[in-house]
Each structure stands twice: as structure tokens, then as C-alpha cells.
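The values are calculated or read from the model by the stated rules, or taken from the named source; none is laboratory data. This is a predicted model, so every value here is computed, not measured. Cβ placement follows ideal geometry from the backbone for every residue including glycine, while neighbour counts extend to all protein chains displayed. Calculation scope for accessible area: heavy atoms of the full protein, side chains included, ligands and nucleic acids excluded. Shrake-Rupley method; radii C 1.70, N 1.55, O 1.52, S 1.80 Å.
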Amino acid sequence: MSSQQPYKVLCVCLGNICRSPTAEAVLRHFCQQHQLNVHVDSAGTAAYHIGEAPDSRSQQHARQRGYDLSVLRARQLSLNDFLDFDLILAMDEQNLKNIQKIEYHAQQQFVQLRAQVCMMTEHATELQRQAIADPYYGGAKGFERVLDQCEIASQAWVNVFKSSQKQ
Ligand code: 4NP
């Protein structure tokens with residue numbers, strides 16, 4: 001991780017209105033808290049909600065823990081994101097497959113990509129690479145669970161970023 005250019009992380013889900021904007025705000029907060037030079041953004045693999053603010057339920061649950069999602073707007077994952085970002089984080093296995101399909105097209109176009117694709121929960125030992133489940137069609141518990149998982153996963157990523165800074 002360079003001390004000048006920020007390390008760039010993109011959190012990705014399906015719609016970019018529930019899980020990935022939550023992951024973006026939580027990971028950004030954890031990185032800021034640990035004074036890490038990390039830039040965090042988010043996107044969705046689907047185009048359904050482009051330009052929309054995060055789901056009002058995601059905003060409300062996040063606000064109760066001090067995360068402000070209101071300024072975020074949904075956008076779709078692009079081929080250029082595989083050149084612009086160092087790390088792309090998937091929320092579940094289907095999401096990972098969708099990202100890898102887009103990665104394949106990016107490889108056809110650009111050959112050499114910058115981004116590494118991982119699960120959001122990759123390094124969170126207590127989550128064991130589990131899915132961050134889509135809360136869109138469920139109740140309040142689902143939105144709280146997304147926040148719990150994002151906080152655990154973000155702490156684990158902060159530990160990874162810190163140990164790579166020491167090298
Ligand atoms: P997200 O949740 O991928 O966490 O943003 C979803 C939001 C909307 C839809 C699917 C998932 N949708 O089908 O509209």
C-alpha cells in the first residue's frame with residue numbers, strides 16, 4: 001500500500017442500494033478511524049437503481065449506528081473499475097460470479113487488470129467467508145445483520161491493510 005496514492009476499494013452488490021452502500025460507509029469509517037489512506041466506493045452489477053439514493057431502510061438502520069448513507073447514489077460496475085480499483089469486494093457467491101463475468105469482459109478489453117476480486121467477508125474468521133445476505137425483501141433483522149457483518153468484515157480488512165503497510 002503506497003503512502004501517497006490511496007489504496008482503492010470498491011464494494012459491490014446487486015442493486016447498489018442496500019448492502020454495498022452500507023459496506024462502503026462502514027469500511028470508510030473503519031479506515032478513517034485507523035488513519036489508513038484508503039479510498040472506498042461502491043457499485044452494483046445490475047442497472048435497476050442507477051442514480052438512486054440507498055434504500056430508506058438501509059439509511060435508517062445505518063443512521064442509528066452513526067453512518068450517513070444519504071449522499072450516496074447507485075451506479076453500475078463498469079469495465080474501467082477493474083483498472084481504477086485495487087480491490088473489488090463481493091457480497092455473496094452469486095454476486096462474485098456476476099463480478100467475474102464482467103471481469104472476463106474487462107480482461108478481453110484491457111488484458112492486464114489492476115483489481116483483485118475477493119469476498120467482503122474474506123478475512124473475517126468468525127464469518128468464514130459467509131454471504132452478506134440481501135435484505136431487500138426481508139425485515140429489520142436483515143438490515144441489522146448486514147451492518148453487523150459489514151462491521152466485522154471491515155475490522156478484518158483494516159487488519160489486512162495495516163499489516164500490508166508494515167511491509
Ligand atoms: P442490494 O439489494 O443488492 O443489496 O442493493 C437489492 C436491491 C434491489 C434489488 C435487488 C437487491 N432489486 O431487485 O431491485
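The table for this structure:
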quantity	calculated
Added length on full extension, which subtracts the Cα-Cα distance from 0.36 nm per residue, Glu52 to His39	2.5 nm
Amide H contacts under 5 Å for Met119, placed H, 5+ residues apart	Ala90
Relative contact order (percent, whole number), segment 7-158, Cα cutoff 8 Å, 6+ residue spacing	28 percent
For segment 44-124, projected area of the alpha-carbon convex hull averaged over all directions, nm²	6.3 nm²
Cα gyration tensor shape for segment 1-41, rounded if a/c is under 1.5, else prolate or oblate	oblate
Other-chain or far-sequence residues with amide H under 5 Å of Arg114's (modelled H)	Leu83
Most fluctuating residue given options Gln130, Gln59, Gln109, as computed from a GNM of the chain linking Cα atoms under 10 Å	Gln109
Computed label-point distance, nm, for sites Gln155 and Val111 using a 7 Å Cα→Cβ extension	4.5 nm
Whichever aspartates and glutamates have a C-alpha closer than 13 Å to that of Lys97, once near sequence neighbours (fewer than 8 apart) are set aside	none
For segment 7-158, alpha-carbon Rg and Dmax in angstrom	14.3, 44
Under the Debye formula (equal points on every Cα, no solvent term), log10 I(q)/I(0) of segment 1-97 at q = 0.16, 0.25 Å⁻¹	-0.64, -1.32
Measure of compaction for segment 101-143 (Cα Rg per 2.2 N^0.38 Å)	1.68
Top positive-direction residue, dipole computed over the chain with Cβ charges, set Tyr67, Asn95, Ser163	Ser163
Sum of -39500 (n - 2.57) over DSSP H runs of 4+, divided by residues of the chain (222 nm, nearest 500)	-14000 deg cm²/dmol
Distance from segment 60-99 to segment 120-167 (C-alpha centre basis), Å	13 Å
Share of carbon and sulfur in the accessible heavy-atom surface of segment 110-167 [1.4 Å probe, %]	49 percent
Reachable lysines from Lys162, criterion Cα separation under 27 angstrom, eight or more residues apart if same chain	Lys8
